[in-house]
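**Student:** Take this structure, written in structure tokens, and hold onto it; I'll ask about it next.
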Amino acid sequence: MTSPDSDAILLHSATPETTAAVAERLAACCPDAAVVYLEGELGAGKSVFARGFLKALGVSGSIKSPTYTLIETYALQDGRDAVHMDLYRIADPDELDYLALDAVLERLRVMLVEWPQRGAARLPAADVIVALAFAGNGREMQMRAITPRGVTWLRAFGQSPSADAAV
Ligand SMILES: Nc1ncnc2c1ncn2[C@@H]1O[C@H](COP(=O)(O)OP(=O)(O)OP(=O)(O)O)[C@@H](O)[C@H]1O
Ligand SMILES: [Mg+2]
């Protein structure tokens, strides 16, 4: 189902485990300082995806949803930070000014952002946008490359081995 010649990949995910497995596989070929926007309605699976991605980077223990804090930062073994944001509850993109994202970017391994449209232009641009949508009992997952780095990344994903025959 993946097409290495295209800058977008469409997958069907029947279970949360499959969504997490796709995220793990994307994390395995993640370029440094990558930015991923996670789009989709409430309950679409953005946090499931983010947890799978963060675990693949070595984050252990509980991965809290940053619904109220807006941002959770995880120090990785390589000294870089993985950042998970959820902007559902911000009233105004100006609130992002208090998060000092410039400093965060200096040692960024990856930034995963749920509800990125609420941060508007205050956020760094996405390399890849992952859009999740309800499809029957499962989810449709579209991964779209935005930057040249994102294109290279998705091509590497398309060529990487999948542990799950469904993905
Ligand atoms: N194929 C699937 N992929 C992901 N989640 C699924 C899938 N099928 C069912 N689910 C369920 O859907 C829910 C997804 O919840 P999750 O918290 O990831 O959504 P979210 O997009 O982060 O929502 P929010 O906008 O509230 O943060 C979970 O309960 C998960 O078990
Ligand atoms: Mg969520």
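**Student:** Is it the case, given these coordinates, that Ala75 is of a type outside the set (Asp, Glu), away from ligand 2 (no atom under 15 Å from the Cβ), over 11 Å from the mean Cα position of the chain (by Cα) and within 22 Å of Ala156 (Cα to Cα)?
**Tutor:** Taking the combined requirement at face value, the residue does not satisfy it.
**Student:** Oh, and also: Whether any residue in the stretch 49-71 is more than 14 Å from ligand 1 (Cβ to nearest atom), farther than 26 Å from Ala91 by Cα and in a strand (DSSP E or B) is what I want to check.
**Tutor:** Looking through the stretch 49-71, none of the residues is more than 14 Å from ligand 1 (Cβ to nearest atom), farther than 26 Å from Ala91 by Cα and in a strand (DSSP E or B).
**Student:** Right, another one. Scan the stretch 132-142 residue by residue and report those that are assigned to a strand (DSSP E or B) and within 11 Å of ligand 1 (Cβ to nearest atom).
**Tutor:** Leu132, Ala133, Phe134, Ala135, Gly138, Arg139, Glu140, Met141
**Student:** Ok, one more. Could you list, in sequence order, the residues of the stretch 95-125 that are free of Cβ contacts under 8 Å to residues at least 24 places away in the same chain and part of a helix (DSSP H, G or I)?
**Tutor:** If the condition is that a residue be free of Cβ contacts under 8 Å to residues at least 24 places away in the same chain and part of a helix (DSSP H, G or I), then Tyr98, Leu101, Asp102, Ala103, Glu106 are the ones that fit.
**Student:** Applying the selection to the stretch 101-151, what residues are of a type in the set (D, E, K, R), more than 16 Å from ligand 2 (Cβ to nearest atom) and more than 17 Å from Phe49 (Cα to Cα)? Explain how you work it out, then say what you get.
**Tutor:** The initial filter retains those residues of the stretch 101-151 that are of a type in the set (D, E, K, R), namely 102, 106-107, 109, 114, 118, 122, 127, 139-140, 144, 149.
Of the ones still in play, those that are also more than 16 Å from ligand 2 (Cβ to nearest atom) are 102, 106-107, 109, 122, 127, 140, 144, 149.
Within the stretch 101-151, Asp102, Glu106, Arg107, Arg122, Arg149 meet the criteria.
**Student:** Do we have any residue at all in the stretch 105-112 that's within 14 Å of ligand 1 (Cβ to nearest atom), farther than 23 Å from Arg149 by Cα, within 15 Å of the chain's Cα centre (by Cα) and of a type outside the set (Ser, Thr, Tyr)?
**Tutor:** No - not one qualifying residue is present in the stretch 105-112.
**Student:** Can you name every residue in the stretch 26-47 that is within 16 Å of ligand 1 (Cβ to nearest atom), assigned to a helix (DSSP H, G or I) and surrounded by fewer than 22 Cβ atoms within 10 Å (Cβ to Cβ)?
**Tutor:** Ser47
**Student:** Exactly one condition in (1) buried (at least 19 other Cβ atoms within 10 Å of the Cβ); (2) basic (Lys, Arg); (3) within 18 Å of Ala27 (Cβ to Cβ) is false for Arg118; which is it?
**Tutor:** For Arg118, the failing item is (3).
**Student:** Step by step: first the residues of the stretch 49-62, then only those that are at pLDDT 90 or above and more than 14 Å from the chain's Cα centre (by Cα), then the one that is farthest from Val22 (Cα to Cα). Which residue is that?
**Tutor:** Within the stretch 49-62, the match that is farthest from Val22 (Cα to Cα) is Ser60.
**Student:** Considering only residues that are closer than 25 Å to Arg51 by Cβ and of a type in the set (Asp, Glu), look in the stretch 83-100 and name the one that is farthest from ligand 2 (Cβ to nearest atom).
**Tutor:** This residue is Glu95.
The values are calculated or read from the model by the stated rules, or taken from the named source; none is laboratory data. It should be emphasised that the depicted structure is a prediction, and the values quoted were computed from it without experimental measurement. Using ideal geometry, Cβ is built from the backbone for each residue, glycine included, and neighbour counts are taken over all protein chains shown.
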